[in-house]
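Below you'll find the structure, written out as structure tokens, and then a few comments.
The values are calculated or read from the model by the stated rules, or taken from the named source; none is laboratory data. What you see is a predicted model, and the numbers here were worked out from it, not measured in a lab. Note: ideal-geometry Cβ built from the backbone for every residue, glycine included; neighbour counts use all protein chains shown. Note: accessible area is taken over every heavy atom of the protein model, side chains too, but ligands, DNA and RNA are not part of it. Shrake-Rupley method; radii C 1.70, N 1.55, O 1.52, S 1.80 Å.
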Amino acid sequence: METIAQHQELLQYSEAYISDMLMLKNIFLQNQEHKKIDSNFGLPFFLAKKKNTTIAFASLTVNEKNEISFKIYHEKGVSETEMSSFYARALSYFKKNNTPNFRDPEQLESSIKSMIDWLNFE
């Protein structure tokens, strides 16, 4: 029986920092029809990189039930395996974090508004 070795590039995971925001804004806008971000952008908290290039990020949002959850945005061409792995890591990080943006919907909404105002400032 022949075994085919597949080379899969490893992803690196990290927290999202303010210095990452312009790159994350670009990823978000690739999937939107607008030229400016809106509340759907949320508050990025976790990201995935491949070869030092950010390919996906997880962002905190407040859903219609006024509960904190997160959405994932990614570059085109990210595989389902990569997305599954990233989702699992982001979910773990989300569940372990107890800072106000992760637990207080009002605080998160305020932070999202500030982030959007800052990133849309021109």
> If we keep just the residues of the stretch 71-122 that are touching a residue at least 40 places away in the same chain (Cβ under 8 Å) and β-branched (Val, Ile, Thr), which is most open to solvent (accessible area, probe 1.4 Å)?
Replying inline: 81
> If residue 51 satisfies every condition in (1) modelled with pLDDT of 95 or more; (2) under 19 Å from residue 19 (Cβ atoms); (3) open to solvent by 40 Å² or more (accessible area, probe 1.4 Å) but one, which is the exception?
Replying inline: (1)
>> All but one of (1) touching a residue at least 12 places away in the same chain (Cβ under 8 Å); (2) more than 13 Å from the chain's Cα centre (by Cα) hold for residue 27; state the number of the condition that does not hold.
In response: (2)
